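Enquirer: Can you keep this structure in mind? I'll have questions shortly.
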Amino acid sequence: MNAFKTENEHIRLRAVEPEDLELLYKWENDPEIWNVSNTLTPFSRFVLKQYIENSHQDIFQTKQVRFMIDKKPLSTDQPVSTIGTIDIFDFDPLHSRAGIGILIKENKERGKGYAGMALDLMIEYCFKVLYLHQIYCNISEANTSSIQLFRSKGFVNTGRKKEWLRTEKGWEDELFFQLIRPSPETIL
């Protein structure tokens, strides 16, 4: 198995820790992001605590894994701040594919390249560690920043689900993006 880089000079991906409970509780229960996570009801602390307690299980058992995205401080006197999550879900070892989703929670941290950096690290994880053939994501047509992000990393729009998402403004199409693993000699 190839080594997986969990960080670069600006961010670090790490496992979910018990100390993340309150942060995850806040994020998962924010109705503003429910439309991108297909959530309709709040999560209890109990459910999230169980999720964290079981997050050590192997992706082959759970079919998912979540990494927290930490922004590294600019100086040693500043604390590390957790700015988001990146998830692998619907892991399918038979067909060698998985879905991927990313959240940079605070608006002030968006547009700074952190999502792209996290996505780069996870693409490497998916192809070099999990040996996936492809990764995919579903993005609302109105989410132009996510569309731009995934396109910039080589994801290709291969499908459209017409009037798939009900929003306050009416029905919205959802786009399907795929990234097929490059030939082995180009990723080594």
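The values are calculated or read from the model by the stated rules, or taken from the named source; none is laboratory data. No experiment lies behind these values; they were computed from the predicted model shown. Every residue, glycine among them, receives a Cβ derived from its backbone with ideal geometry; neighbour counts consider all protein chains shown.
Enquirer: With the checklist (1) within 18 Å of residue 104 (Cβ to Cβ); (2) surrounded by 12 or more Cβ atoms within 10 Å (Cβ to Cβ); (3) modelled with pLDDT under 90 in hand, flag the one item residue 4 doesn't pass.
Expert: So residue 4 meets the others, but not (1).
Enquirer: Let me confirm something: among 91, 60, 43, which residue is among the aromatic types (Phe, Trp, Tyr), in contact with a helix residue (DSSP H, G or I) (Cβ under 7 Å, 6 or more places away or on another chain) and under 30 Å from residue 180 (Cα atoms)?
Expert: Matching residue, one of 91, 60, 43: 91.
Enquirer: Of the conditions (1) more than 16 Å from residue 145 (Cα to Cα); (2) in contact with a strand residue (DSSP E or B) (Cβ under 9 Å, 6 or more places away or on another chain); (3) of a type in the set (Ser, Thr, Tyr), residue 114 fails just one. Which one is it?
Expert: Unmet for residue 114, out of (1) more than 16 Å from residue 145 (Cα to Cα); (2) in contact with a strand residue (DSSP E or B) (Cβ under 9 Å, 6 or more places away or on another chain); (3) of a type in the set (Ser, Thr, Tyr): (1).
Enquirer: Could you go through region 82-105 and let me know if any residue there is farther than 22 Å from residue 55 by Cβ and basic (Lys, Arg).
Expert: For region 82-105, residues farther than 22 Å from residue 55 by Cβ and basic (Lys, Arg): absent.
Enquirer: So if I check each of 111, 84, which one is more than 21 Å from residue 58 (Cβ to Cβ) and either surrounded by 18 or more Cβ atoms within 10 Å (Cβ to Cβ) or among the β-branched types (Val, Ile, Thr) (or both)?
Expert: Of 111, 84, the one residue that is more than 21 Å from residue 58 (Cβ to Cβ) and either surrounded by 18 or more Cβ atoms within 10 Å (Cβ to Cβ) or among the β-branched types (Val, Ile, Thr) (or both) is 84.
Enquirer: Something else now. Take the residues of region 9-58 that are surrounded by 14 or more Cβ atoms within 10 Å (Cβ to Cβ), part of a helix (DSSP H, G or I) and of a type in the set (A, V, I, L, M): which is modelled with the lowest pLDDT?
Expert: Selected residue: 36.
Enquirer: Name the residues in region 93-104 that are more than 17 Å from residue 72 (Cβ to Cβ) and either within 14 Å of the chain's Cα centre (by Cα) or part of a loop (DSSP other than H, G, I, E, B) (or both), would you? Walk me through how you get there before you give the answer.
Expert: Let us first name the residues in region 93-104 that are more than 17 Å from residue 72 (Cβ to Cβ), namely 93-103.
Selection gives 93, 94, 95, 96, 98, 99, 100, 101, 102, 103.
Enquirer: Let me ask something additional. With the requirement that a residue be modelled with pLDDT under 95 and either assigned to a loop (DSSP other than H, G, I, E, B) or closer than 22 Å to residue 115 by Cα (or both), what does region 147-173 give you?
Expert: Within region 147-173, 168, 169 meet the criteria.
Enquirer: Would you confirm whether any residue within region 141-149 is of a type in the set (Val, Ile, Thr) and buried (at least 19 other Cβ atoms within 10 Å of the Cβ)?
Expert: Scanning region 141-149 turns up no residue that is of a type in the set (Val, Ile, Thr) and buried (at least 19 other Cβ atoms within 10 Å of the Cβ).
Enquirer: Within region 59-89, take every residue that is part of a helix (DSSP H, G or I) and of a type in the set (S, T, N, Q) and give me the one that is nearest to residue 117 (Cα to Cα).
Expert: 62
Enquirer: Could you check region 105-136 and list, in sequence order, the residues that are in contact with a Gly (Cβ under 8 Å, 6 or more places away or on another chain), of a type outside the set (A, V, I, L, M, F, W, C) and assigned to a strand (DSSP E or B)?
Expert: Result: 136, single match.
Enquirer: Does region 69-90 contain any residue that is within 18 Å of the chain's Cα centre (by Cα), at pLDDT below 85 and aliphatic (A, V, I, L, M)?
Expert: no
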